[in-house]
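Below is one structure, written out as structure tokens; comments come after it.
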């Protein structure tokens, strides 16, 4: 059985990479919801997948410059450190432009590694993903 699983993974590596999408609607007021997408996305990259974290609605607040430095839960490092580790591993981070407008947040307010994208991007990412998780 293990050999079959290994062969399946090798075959998948030859084909397109699997893609995971993590959609974050929770803001800093629900900090426990902000750690999981980055931990899971970094794990997905380590497993050979592509991973994208997409922030929408109140979730965009967590990607404002300096905001993640203020968030720390339990024995975990600050959220900013977890985010940086995921980004260094290759996780892509996107912020919904329409949510920025809805909340009155100027585009230049976000971390430099966060890409501002339109709502159609979320639809495209969802259709293209092998798995989607929401937080």
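The values are calculated or read from the model by the stated rules, or taken from the named source; none is laboratory data. What you are looking at is a predicted structure, and each value in this text was computed from that prediction instead of being measured. Note: ideal-geometry Cβ built from the backbone for every residue, glycine included; neighbour counts use all protein chains shown.
Some notes on this structure:
- Selection within the range 41-74: residues that are in contact with a strand residue (DSSP E or B) (Cβ under 7 Å, 6 or more places away or on another chain) and over 21 Å from residue 124 (Cα atoms). The member of this set that is surrounded by the most Cβ atoms within 10 Å (Cβ to Cβ) is 62.
- Residue pairs meeting the criteria (Cβ under 9 Å; at least 6 apart or on separate chains; first at negative phi and at pLDDT below 95, in the range 112-135; second surrounded by 13 or more Cβ atoms within 10 Å (Cβ to Cβ) and outside any helix (DSSP H, G or I)): 119/56; 119/96
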